[in-house]
Amino acid sequence: MSPKRPVPTGSPADGPWWTRPDPTGETDTGEFGLRFECTQCGNCCTGPSGYVQYTDDEANAMARDLGITREAFDARYTRDTIFGPSLTETETEFGFDCVFLDRETTPGKALCRVYRSRPAQCRTWPFWKDNLKSPSHWSRATRTCPGMNTGTLHPPETIALTVERDTGAAREG
Ligand code: SF4
Ligand code: SF4
């Protein structure tokens with residue numbers, strides 16, 4: 001028999017499924033929150049053709065990181081989509097890689113060339129609204145993201161802040 005666990009501040013018992021212990025149903029640790037640690041496999045930055053949205057400020061930050069003007073950034077790395085401007089893609093043996101996915105620098109790893117300034121769409125993965133709709137949505141996403149349900153435990157408070165920054169309501173889940 002184990003003692004009752006207190007409900008953490010900001011995580012009411014009637015909150016979303018991921019604010020309660022053992023949310024994935026795959027562990028029996030009674031932990032609050034979700035585990036995630038990126039393995040740098042690159043799966044989330046490739047696959048079927050999609051889009052990576054960014055704000056004006058994020059585009060400026062990426063251009064600064066790359067050491068190019070905003071005009072050059074727009075011309076080289078962006079395209080218009082029905083969801084607005086997006087980063088471009090490069091077709092590879094893995095699928096449609098984001099133009100900033102770097103498979104060369106570190107063998108066996110897929111890295112982001114604009115990691116420090118990557119857009120919120122990328123920063124908020126895997127804590128997207130779509131993935132957090134239900135345990136089965138979360139579980140489905142784990143099929144392509146090996147970092148989910150492993151590594152660092154992210155408490156509900158942190159996840160909630162990340163979810164707020166996910167603006168990709170129209171994105172395919
Ligand atoms: S799919 Fe998951 S583990 Fe792989 S690079 Fe993306 S976030 Fe990291
Ligand atoms: S900007 Fe970086 S993290 Fe985002 S999709 Fe492109 S390579 Fe992946």
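The values are calculated or read from the model by the stated rules, or taken from the named source; none is laboratory data. Values in this document were obtained by computation on a predicted structure and should not be read as measured data. Cβ atoms come from the backbone with ideal geometry, glycine included; neighbour counts cover every protein chain shown.
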Self-check item: Single unsatisfied condition, residue 73 versus (1) among the aromatic types (Phe, Trp, Tyr); (2) assigned to a strand (DSSP E or B); (3) away from ligand 1 (no atom under 16 Å from the Cβ)
Solution: (2)
Quiz item: Any idea which of 151, 147 is in contact (Cβ under 8 Å) with a residue 60 or more places away in the chain, within 14 Å of ligand 1 (Cβ to nearest atom), loosely packed, with under 15 Cβ neighbours inside 10 Å and closer than 20 Å to residue 42 by Cα?
Solution: 151
Quiz item: Are any of the residues in the range 81-99 part of a strand (DSSP E or B) and more than 17 Å from residue 50 (Cα to Cα)?
Solution: no
Exercise. Kindly indicate which of 83, 100 is in contact with a strand residue (DSSP E or B) (Cβ under 8 Å, 6 or more places away or on another chain) and surrounded by fewer than 19 Cβ atoms within 10 Å (Cβ to Cβ).
Key: 83
Quiz prompt | Residue tally, condition within 16 Å of ligand 1 (Cβ to nearest atom) and either within 13 Å of residue 59 (Cβ to Cβ) or exposed (fewer than 14 other Cβ atoms within 10 Å of the Cβ) (or both), over the range 86-97 | solution = 2
Quiz item: Do we have any residue at all in the range 154-165 that's within 14 Å of ligand 1 (Cβ to nearest atom), on the phi < 0 side of the Ramachandran plot and modelled with pLDDT under 95?
Solution: yes
Quiz item: Which one is farthest from residue 154 (Cα to Cα) among residues in the range 19-39 that are surrounded by fewer than 18 Cβ atoms within 10 Å (Cβ to Cβ) and at pLDDT 85 or above?
Solution: 39
Quiz item: (1) more than 18 Å from residue 45 (Cα to Cα); (2) of a type in the set (S, T, N, Q); (3) at pLDDT 95 or above: which one isn't true of residue 78, the others all being true?
Solution: (1)
Practice problem: Please determine, by comparing only the residues of the range 125-141 that are surrounded by 13 or more Cβ atoms within 10 Å (Cβ to Cβ) and touching a residue at least 60 places away in the same chain (Cβ under 8 Å), which one is farthest from ligand 1 (Cβ to nearest atom). | Solution: 135
Quiz prompt | Among the candidates 64, 118, 165, residue that is in contact (Cβ under 8 Å) with a residue 40 or more places away in the chain and within 11 Å of ligand 2 (Cβ to nearest atom) | solution = 118
Practice problem: Output the qualifying pairs, or none if there are none: Cβ atoms under 8 angstrom, residues six or more apart or on different chains, first residue in the range 32-49 and part of a helix (DSSP H, G or I), second residue more than 11 Å from ligand 2 (Cβ to nearest atom). | Solution: 43/144; 43/145; 43/146; 44/126; 44/144; 44/145
